1. Which of the GluC sites (Glu not before Pro) found in the range 43-140 are in a DSSP loop and have at most 11 neighbouring Cβ atoms, other than their own, within 10 Å?
2. Cysteines of the chain lacking any other cysteine beta carbon under 4.7 Å?
3. Assign unit charges at the C-beta atoms only (+1 for Lys and Arg, -1 for Asp and Glu), then state the dipole size of the chain relative to its Cα centre in Debye, rounded to the nearest 20.
4. So what is the relative contact order for the range 116-172, in percent, with contacts set as C-alpha pairs under 8 Å and at least six apart?
5. How large is the accessible surface of residue 217 in square angstrom, using a 1.4 angstrom probe and rounding to the nearest 10?
6. May I ask you to rank 418, 264, 138 by accessible area, largest first, using a 1.4 Å probe over the protein chains only?
7. With the dipole of the chain worked out from charges on the C-beta (+1 for Lys and Arg, -1 for Asp and Glu) around the Cα centre, which of 422, 39, 172 lies farthest toward the positive end?
8. Antiparallel as a % of all DSSP beta bridges within the range 68-287, to the nearest 5?
Amino acid sequence: MRFVVDQQVEDIEMPENLKLNTFLQEFHSNCTHPECGFGFYGFAFGQSPFPVPRLVQGALIKNANKGEYAAVSGIPELRNAISKYNKYYFRMDVSPDRIYVGPGTKELIFNLLEILHGTVILPTPAWLGYLPQIRFLKKNFHMLPTRANKKISPNDLRRLALRLQDRQKILILNNPHNPTGILYDESELEEIADVCRELNITVISDEIYAQTTYDFSKFVSMGKIYPEGTFVTNGLSKSHAAGGYRLGYVVFPQHAMDLKAQFKKILATEYTAVSTPIQHAAVAGFEISREMDEYFEVTRNIHHIMGDYTYHALSSIEGVKATKPEATFYLLADFNGFSSALQEAKINTSQQLSESLIQHPYHTAIVGGDSLVLERTDFSARIAFVDYNGAEVFENYIENKPKTSTDRIEFVKSNAPKVVAGIQMIERFFENIKQHTPKLSQVAEVYGFKKLA
Ligand SMILES: Cc1ncc(COP(=O)(O)O)c(C=O)c1O
């Protein structure tokens, strides 16, 4: 039997994060060098390393017997809990009937793009998940490259939107931002909102990293600044280290009654409802409690410590520029200072850079620029600083909170040795590239993989 695949599916590519998984696995099985057994320095995967909060795990176990289908928009207890969560943490008054629960924000963003007519404006660099969806839905779209500070320029947004003929435009705002770790402040959001009001731009504000904002008082939701035109998405994946639970939510704009009925139709058509036990578990994760509050505080402090270390260590390498993260567990490292040396070494694209870094003896996994919706020849990369044992580090932090800047550096060295060694490996890679005489075998000796395994 020969199956004929629909052309629409043939035309789309595997999303970059999944391609990366395959690539790393292949690299592993193909590498015959004994040191490949060590694995690699993992700067590529965007997963929180911490355990799922115990409260959430307990609630999941307790509700394992709930086999009935749930309501399409989410169980009432969960929509209530999410409403209170938004009030408590994000100072937003959102009634539960503006909240829809779905199997992850990725799916909900896809559903929003399905129901919203209009041309999509995608600021770049961007999370690798949006573009395949936009392409799959055959939506018109325009990139909006950001400038040196990696933030959307309201003037650039205005200029682009004025050129677009559609009566509605959709801006994808990701705040805090993957891959740079940057955070928009209130006045920056207000300036963007002014342009959106003026030119009828709807905003999908992907705020999945909100809870990881290092100085939490600085986070402001676009839903607060532009409530009439913003869809806010958030969920369990990053804040609760539960990406595998597949639970996200979207807050609809004020006064979007007609749209809500259309949205519900789509959800009912595509997936009926999110798994009922998972929704009950999520209630425990979104309800306000001392335990969850402590969990958020500890995890965001650890991300902060790791982020500061990674930023300073990478920036101190001559020729490397890095964004200074204020949230998330990522930063964007700019290696374009080495362009000519890389080209001489026959490394012409960011994909080739990722491949060279993962090879023996460097064993370092990064996400290259073309996966971040940058030019193929842009040697920027996303560095995720989560390659450590989250459960252990969480306990170590509680037992002995680092106070001074020296304590913080020591904390990284003793709790995340692979982050430290991986950055050294990146440095060594570029030293070798600069010298055009890569003495590769020596590198492995110097950095002794086995000690770290
Ligand atoms: C910016 C951004 N948005 C959305 C998601 C997906 O979230 P979810 O697990 O809720 O689908 C991710 C996950 O990596 C992300 O980085």
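1. Answer by residue number: 68.
2. 196
3. Here the size comes out at about 320 debye.
4. In percent, rounded to a whole number, it is 52.
5. Using a 1.4 Å probe on the heavy atoms, I get roughly 90 Å².
6. The ordering from most to least exposed comes out as 138, 264, 418.
7. The residue sitting farthest along the positive end of the dipole is 172.
8. 30
The values are calculated or read from the model by the stated rules, or taken from the named source; none is laboratory data. Values in this document were obtained by computation on a predicted structure and should not be read as measured data. Quick reminder, even Gly has a Cβ in these numbers, built from the backbone with ideal geometry, and neighbours come from all protein chains shown. In case anyone asks, the SASA skips ligands and DNA or RNA and just uses the protein heavy atoms, side chains included. Shrake-Rupley method; radii C 1.70, N 1.55, O 1.52, S 1.80 Å.
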